Amino acid sequence: MTLLREAIGESLRRARVAQSRTLREVSTSARVSLGYLSEVERGRKEASSELLAAICQALDVSLAQVLFDVSMAMADTDKAAAPVGAGAPNVPAAPADAVRVAAAPALAKAGTGVTPRGGDGDLPQSGDAAFGPRIVIPAPKSDRLVLVAAK
């Protein structure tokens, strides 16, 4: 399991190395001690949001992009570590009846194409052909992406 601080540190280090900048240059620009920046990059220190914002500004990378990169890296790590056929790790499942009852009216109103079956508020189940709505989150615009080579 990858810790958040480690993933953030790796992302910041990749951005810095891709720019061929030294720790000293970035630490001076971000007004953070060289040692502390090194600890953050190695995943040894949990950086505050203000500190992360300063480092990102010094690297000329948006904090949102760093967090996006971190979330993608962590999702890939989780996906690779999950047993075949397993759902999301360590995510407690809500009772099925509570989900069906709570979601049915909202889904039907939202025009998702998912409508309750049989008038009893029951949604299609995971084995059914029309299993609930699919949520799609668009990728960031290509002009805002920062491509960084992995080690």
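Bear in mind that the values in this text are calculations on the coordinates, not laboratory data. Worth saying up front: this structure is predicted, and the values here are computed from it rather than measured. Ideal geometry is used to build each Cβ from the backbone, glycine not excepted, and the neighbour counts take in all protein chains shown.
Extension gain, SER20-ARG44: 0.36 nm per intervening residue step, less the Cα-Cα distance, totals 6.4 nm.
When Lys and Arg each count +1 and Asp and Glu each count -1, what net charge do the other residues less than 12 Å away from VAL26, Cβ to Cβ, add up to?
Values: positive: ARG13, ARG16, ARG21, ARG24, ARG31; negative: GLU25, GLU41, ASP60.
Computed value for this residue: +2.
Determine the sum of side-chain charges near ALA58: Lys and Arg each +1, Asp and Glu each -1, restricted to other residues whose C-beta is under 10 angstrom from that of ALA58.
Values: positive: ARG16, ARG21, ARG31; negative: GLU25, ASP60.
Around ALA58, the surrounding residues sum to +1.
At full extension, LYS79 and THR2 could sit 26.5 nm farther apart than now, given 0.36 nm per residue minus the alpha carbon distance. Counted by Cβ distance under 9 Å from ARG16, the other residues give a net charge of +1, where Lys and Arg count +1 and Asp and Glu count -1. Under the simplified labelling scheme, the SER71-SER33 pair shows an inter-label distance of 3.3 nm, with each label point 7 Å from Cα along Cα→Cβ.
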